[in-house]
Amino acid sequence: VCDRCTSTGDRWGGFYITRSVDLVLQNIAVNDPLEDVAAIRIDQSSSNRPGTVTLNNATVNLNRSDGAALELISARMLISGLVIEGSHGGVNWSAAGAVGSSGTSRFDDVHLSSGCLVASDIVDFISTHVDISDCITDPVLNNVNGVLSSWMDSIGPRSLDLSGTSNIGLHRPTGIAPASVDISGAAEMDYQLDLEVRAVNQIQRGIPSAHVEVRSDMFNPTINATTNLSGALGLVRLNVEHWTSSGVTGPATFEATCSFDNVSSEISPFFLSGPVTLRECQLDLPNQAPFIVWNTPSDGEIFQSRGQVIFDATGSWDLDDDPLTYSWMSDIDGNLINACLNDGLPPGENGSLFTANMDGFSNSCLSDGVHQITVEVCDSLAKCVNETRTIELLNHPPTLDVMTDPMPNVEGWIVLNRTQNMTLTYGAEDPENQPMNCWVQASFAQQGQSLSGPDSSLDCSDEEILSFGLGTPLEFSLTIYADDQHNPWTSVTRAVRLVDELPTPVVEVTTEGNTSSHQVHLDASDSFDPEGASLRARWTVITDSDSIELTDGGAAALMWDGYLPKGEHTLRLELTDSSSGWSAERTTIYEVSIVRDDTPSVAYITSPVNGSTVDSSMLLRFNASGSGDWDVDCNDVPDGIWCDPYPLGQTQVIDVRWVSNISGEITSNWSAIERLPAGLHNVTLMVTESGVITNTSIMINVVASAPEIIIDNPSNGSSYALGEVILFDLSGSLDYDGHAFNITVFDADNGTILRNPTPVLDAFNLELTIGMHNITILAEDEFGMSSETNITLYVTPSLPFADFQSADRRLCAALDDRNRCSQIKFTAGDVIILNSVSTDPDGDLVSQSWILVDGDGNETELGNDTSLTVNLDPGIHWLVLEVTDESELFDRLEFELIIRPTKARIYGIEFTDRLHRSQSMNITINVRVWDPDYSTSEVNVTVSGCDLDTTLFLNTTERDVLVPSVTNWTGFIQVDPVSECQAARLEVTIYDPIASLDEITGALTSTEDGEFRDFRIVGSESVSSSWSSLLRESFASPIVYVLGATLLLVAGLAAGGAFIQRRRRTSLVSAAVSGWSLDVDQSSEFEDQSDKIGGDITEDTGLDLMPDSDDAPEPGPSPLIGELPSADELEDLLG
């Protein structure tokens, strides 16, 4: 419930409600939110729990450029007493969704304005007394079912817009004509009015409980009902007309019949007009019995013993206006009028009203107990009627309205200090005013023992003062009793909790003065606890910006000595006797105010000494130790400055300045080392805090000074090599008086002037001879004031400089910090010549040594000449070039020599390339291996095919004298006849254990290479049948002789040792190439083709592909003789 909530000029809006059910907003007001939003927005679209939001007695005043004043989304609303003013879009209400369609929505006593109302999807809409006079648009109802009762338009011309599937009952509208309603779509409207039928007798008295039947010719069912006690029957919302978008049906015609006591009367047909139509039917009845209207007592009412009871039936009446008489009977006490009215009824009274057990009378005519009371009412013609009710008179127990001081807290406990008294007032009353006894029983007391007296009861009007000793439990209950000697005891129980009394503070505050630098003494040592418990104390100072704890603990914390910052403060003392820590209910708080004034700053000059005389070159120490301000934190100033070492709260900012009357500001620090120009100085120290300046002054006499020599280079004691240029940099020299000066440099040992007097301070160079030199530098200003400085320099023989380069002047892979070669790389087979290019400034270099350093650091000299030819295996080698001069000064250059290995390759294969079908063959093999580092360790050949599987390991014979880096590997093998075999192969494999180098780790890795060659199979068995047949058939022909001679010549060449050249790489395993040894080898354009004719050994070098190619192109068949028969066929043909 939000009751009397208001929102005026809120930045967002008035009320925003979502996912809420059973929420009640009552007596609320929203006035013009700052944003252009709805004053009330209720959005239930995300909720699936049915329920309502009640808006009761709400006022909205909103001016909005665009949009509704109320936005109700998927909401089921109960709205009553809503007034909307201002310029806005009215009420926009959509009840679609689980919440909005969960039940009846109400819209009662509403004043609409501006944009009026747009309602949609409301399944059960009940609305009464809605004023649309101030609307500028018509209310719109879309898909709304319900009743609009007593809607009003006092100005016009407002009406309604019904659309969708709306079904509306328009009941008793004012100023809204049914014909003006705009109905569209499937919407329908029933125009509804009210009817009142009165049944009267012949003397126009209304007849109660008369039967009335109302009938109509359309829209309404037949209604049967009875009249009320006034004889009237009201019927509401009778359908008069039915309206759709097509027009109107009606009006309906009504008629009625009244009946009572077998007498009936008809009302002729009529139309309903106006809000309520009144029709009356008269019944001429015989004399009727009276009607009882019994006011008091009510049926089942209970009264106290001998309590006053008023019997009232004065509202009874008679249709015939006959006089009435009354009698009252009790099933216990009989005729009550006789029992209660000793003198009978007063004159003119009929017994309709009398009082039993009247207050102030001792006669009790109505006994205690349960009574059946019957009243009988008769008219003058003895027409009677009666009614019976049950009442009870009983003795009520006394009541207790106990009051205590102190009263119970919200938890129901009466909380007392241990030594505190409790006042108790019984507040006992007996309904029958009988005497009573009252007493108090404690839960810790023995049974029957009363706190209010020794086994005795007290007058209930007494006020009890109760106290409890130290032995009483901390929690107990008190039961208060009252006894009327008739009913069971009445009792009330109260819970009591005893607590220790709070400590009592006794405080004394003393101080030596009123400024922040005066100590404050806080003394609460005389404070005490009433129960004598130990105290815990805490002092706190509360400043404008902070709360600072001063003490917290036992007895020692009752006192505090210290300093408080300037300002007005509150000193708070907290005392507790609780051992479990600080709790508000067990803490006594005592506060006292104290004011601390600002402490003035102090300005004091420790140095320079007042009246001192110095020259302008002297550095003066300006020291303000002893100065300061107590309101400054010592953490913010140097040691020696007066300040507060333990400040409480915020401290002050202080400013310090030293000022000369001649040179102006000297420094803004507490201490500094500075020079002063010549003159008589009045030096002032100014300390400023919060705009207040404190100052003090001294006098300092500063006289002129000689120039000061500042040597940036060379440094005293420096050593230089002979011939090395010595840079003199005196550019920092100066005259503090601004006088011009000259500088002279000379050798103090022999008086030689090394540099003539000059005012130029630019850097200059000097060269000195070997030995120690005492140098004097003299500076003299224009007024004859001079100063000098002496330094000692040493000149020694110079060190040699070791360096080298390769004979082929290749670039180094890395340089050292002296820009010398620290790593150089070669490849095996390179001619490695290293040339020393070492130098010595003295020109007395006498030796140069090349040294190899192994992994253990052992050194081996490789040579001592200017050049070194390196013959080392592939790998990473550490070398040192060491050079020495005549003075035995030496320099060493360490460098890394990397010799990268080469990967061995087959350079050529020469072998007997024929196998014979019927003869054994000696196969001679020569494999030429290209390997510049000569690390190839193994070459083997394998003959396979023709049931052969023979492996031969070749021997190295000699290095090739024509081709560098090539080694010949030779061997031979005998192969038996191969018979009908069609193919055989020679496979060559070489193994190089040192083929590549990891230049980081130095690890060496191996490699293999291989090639194969195919053998030719020769012998008579392979002669082609086509060639043999041709020769046999044509041998006698002369042409054959010529051809035979030609073939004999070719065969002779073949028999003379011409072998077929083959070169096959592993990648061409499946190729079958036929050809003569005269084929042109297209793999190299540099070979002499004539060199391949003749001989017993075929050769394939591929020189143009070395040294790094892994694969060489294969020679193709010669296009010149590729179509001729093979050599095998020719040899077999010719035998």
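Side notes on the structure shown:
Residues checked against (1) part of a strand (DSSP E or B); (2) under 60 Å from the mean Cα position of the chain (by Cα); (3) buried (at least 16 other Cβ atoms within 10 Å of the Cβ):
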position	(1), (2), (3)
ASN774	yes, no, no
GLU780	yes, no, yes
GLY784	no, no, no
LEU793	yes, no, yes
SER798	no, no, yes
ARG810	no, no, no
ARG818	no, yes, no
GLN823	yes, yes, no
LEU834	yes, no, yes
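- The C-beta contact set for the stretch 956-970 (first residue in the same structural domain as GLU938 (by TED's automatic domain parsing), second residue small (Gly, Ala, Ser), distance under 8 angstrom, 6+ apart or interchain) comprises PRO964/GLY829; SER965/GLY829.
- Those residues of the stretch 407-441 which are among the acidic types (Asp, Glu) and either under 15 Å from CYS460 (Cβ atoms) or surrounded by 14 or more Cβ atoms within 10 Å (Cβ to Cβ) (or both), in sequence order: GLU429, ASP430, GLU432
- Here is the figure for the stretch 980-1024: residues that are exposed (fewer than 14 other Cβ atoms within 10 Å of the Cβ) and either aromatic (Phe, Trp, Tyr) or over 60 Å from the mean Cα position of the chain (by Cα) (or both) total 5.
- Residue count for the stretch 722-755, restricted to those that are of a type in the set (S, T, N, Q) and modelled with pLDDT under 90: 2
- Residue within the stretch 187-203 that is at positive phi and part of a loop (DSSP other than H, G, I, E, B) present: no
- The strands (runs of 3 or more DSSP E) found entirely in the stretch 40-142 that carry 3 or more residues being of a type in the set (A, V, I, L, M) are 53-61, 70-73, 77-85, 117-128.
- Restricting the stretch 310-342 to residues that are out of contact with any strand residue (DSSP E or B) (no Cβ under 8 Å at 6 or more places or on another chain) and polar (S, T, N, Q), the residue that is farthest from PHE260 (Cα to Cα): ASN342
- Top-ranked residue in the stretch 282-300 [being loosely packed, with under 13 Cβ neighbours inside 10 Å and in contact with a strand residue (DSSP E or B) (Cβ under 7 Å, 6 or more places away or on another chain); ranked as nearest to PRO397 (Cα to Cα)]: GLY300
- Qualifying positions in the stretch 381-395 - surrounded by fewer than 18 Cβ atoms within 10 Å (Cβ to Cβ) and either in contact with a strand residue (DSSP E or B) (Cβ under 8 Å, 6 or more places away or on another chain) or more than 23 Å from GLY315 (Cα to Cα) (or both): CYS384, VAL385, ASN386, GLU387, THR388, ARG389, THR390, GLU392, LEU394, ASN395
- Of the strands (runs of 3 or more DSSP E) lying entirely inside the stretch 579-648, the ones with 2 or more residues being within 26 Å of GLY567 (Cα to Cα) are found at 587-596, 628-633, 642-644.
- Residue in the stretch 600-626 that is surrounded by the fewest Cβ atoms within 10 Å (Cβ to Cβ), counting only those that are in the same structural domain as GLY679 (by TED's automatic domain parsing), of a type in the set (S, T, N, Q) and under 16 Å from TRP642 (Cα atoms): SER625
- Identity of the residue in the stretch 704-721, surrounded by 14 or more Cβ atoms within 10 Å (Cβ to Cβ) and outside any loop (DSSP other than H, G, I, E, B), that ends up farthest from the chain's Cα centre (by Cα): ALA721
- Yes/no for PRO208 being in a loop (DSSP other than H, G, I, E, B) and touching a residue at least 40 places away in the same chain (Cβ under 8 Å): yes
- Selected residue (only one of GLU568, GLU574 is buried (at least 16 other Cβ atoms within 10 Å of the Cβ), assigned to a strand (DSSP E or B) and not assigned by TED's automatic domain parsing to the domain that holds ASP644): GLU574
- Selection count, the stretch 324-349, where residues are of a type in the set (Gly, Ala, Ser) and part of a loop (DSSP other than H, G, I, E, B): 2
Rundown of residues vs (1) out of contact with any helix residue (DSSP H, G or I) (no Cβ under 8 Å at 6 or more places or on another chain); (2) part of a loop (DSSP other than H, G, I, E, B), yes/no style:
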{"site": "GLU888", "(1), (2)": "yes, yes"}
{"site": "THR902", "(1), (2)": "yes, yes"}
{"site": "TYR907", "(1), (2)": "no, no"}
{"site": "VAL929", "(1), (2)": "yes, no"}
{"site": "PRO932", "(1), (2)": "yes, yes"}
{"site": "SER935", "(1), (2)": "yes, yes"}
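The values are calculated or read from the model by the stated rules, or taken from the named source; none is laboratory data. The structure presented is a predicted model; accordingly, all values stated were derived computationally and were not measured. Here the Cβ is made from the backbone with ideal geometry for all residues, glycine too, and neighbour counts use every protein chain on show.
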